Amino acid sequence: MRRIVVCFAFIAGLSVAVGSRPLAAQSGTEIWVAPLRASATAMIGEPVNVTRRPGYDNQPAFTPDGRALWFTRIGADAPADIWQVGIDGSAPTRITATDESEYSATVTPDGSALSVIRVERDSTQRLWRFPLDGSAPSLVLRVLRPVGYHVWVNEANLGAFVLGDPNALVLVDPRTERVDTLARDIGRALVRVPGRDAFTFLQVGRDTSWISEVDVRTRTIRRVAPAPRGSDYHVWTPGGRLLATQGLRVLVWVDGRWDSVLDLTRRGIGTLSRLAVSPTGDRIAFVADETSPR
């Protein structure tokens, strides 16, 4: 097992790997949800803001039944916590309430818990798990640090973004904590490919960045599509459609090119970033910058 230990700082929601590009949490973001129909291409309906408040609301992930979202909220008391909100925009409820900060809630393969990136009191950044009610946290990975983002493929395979110079993509067996480094100079999006033992990530390039796929059985990597210029985030629909954000648009990869399926230029919604799709593929959530104070 290889150990990866990188010095880093965590300040007011900003993760920084020493000597590398900063991974900045957006200072003012909101989560929107819209109907989605993905067939020959994709169609996105009228979006609704489900967070509706100034401040940081980000990193949405649908619950297994698709009726709600887990997300990260930073409140006036400073620590980041995991919250839940219904897709109908009902009042959010708090899941974690700790002195530490928790980010990037992701349901575990057995569906019994949420795994999160937790910033501990000494600023160590590791992967933890909470029961769905937010009680009794426990460590998932003791050795690997500092973890920035993660994706579960199955109980034996976990992809993780490790902060460093450069940032690294690693594949971990959580049962043994065996770590294999697969790539460096990667983006923040790690996304499970539906129906396959695989996930995708952004391989950053000087001229072209690529959305690339890791087959966890063979540890091989293949290019899937060139990322839209300036785009950091992508997601898969359950039917296998690849979506990405670019500026004020959501794009779909069809027939070897990116087509726009949602353009918010005239809608008063800020720049888009993270994406999530419901398990049944009927809803899409996206994060947008706040456009004006409220």
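The values are calculated or read from the model by the stated rules, or taken from the named source; none is laboratory data. Treat the numbers as computed from the prediction; the structure is a model and nothing was measured. We place every Cβ from the backbone using ideal geometry, glycine too, and count neighbours over all the protein chains shown.
Brief remarks follow.
- Residue count for region 192-211 under the criterion of being over 23 Å from Thr280 (Cα atoms) and surrounded by fewer than 18 Cβ atoms within 10 Å (Cβ to Cβ): the result is 4.
- Search result, residues across region 133-156 that are assigned to a strand (DSSP E or B) and in contact (Cβ under 8 Å) with a residue 12 or more places away in the chain: Leu139, Val147, Gly148, Tyr149, His150, Val151, Trp152, Val153, Asn154
- Residue among Arg266, Arg222 that is modelled with pLDDT under 95 and either under 15 Å from Pro47 (Cβ atoms) or not in a loop (DSSP other than H, G, I, E, B) (or both): Arg266
- Selected residue [free of Cβ contacts under 8 Å to residues at least 40 places away in the same chain and at positive phi] from Gly256, Gly205: Gly256
- Among the candidates Gly159, Gly111, Gly164, the residue that is in a strand (DSSP E or B) and small (Gly, Ala, Ser) is uniquely Gly159.
- Every residue from region 135-156 that is surrounded by fewer than 20 Cβ atoms within 10 Å (Cβ to Cβ) and over 14 Å from Ile117 (Cβ atoms): Ser135, Ala136, Ser138, Arg142, Val143, Asn154, Glu155, Ala156
- Meets criteria (in a strand (DSSP E or B), over 16 Å from the mean Cα position of the chain (by Cα) and either under 18 Å from Pro226 (Cβ atoms) or without any contact (Cβ under 8 Å) to a residue 40 or more places away in the chain (or both)) for Val172: yes
- Count of region 53-89 residues which are of a type in the set (Val, Ile, Thr) and over 17 Å from Ile117 (Cα atoms): 3
- Residues (of a type in the set (S, T, N, Q), outside any loop (DSSP other than H, G, I, E, B) and more than 26 Å from Gly45 (Cβ to Cβ)) located in region 81-105: Ser101, Ser104
- Qualifying residue in region 57-67 (condition: closer than 21 Å to Leu262 by Cβ, modelled with pLDDT of 70 or more and small (Gly, Ala, Ser)): yes
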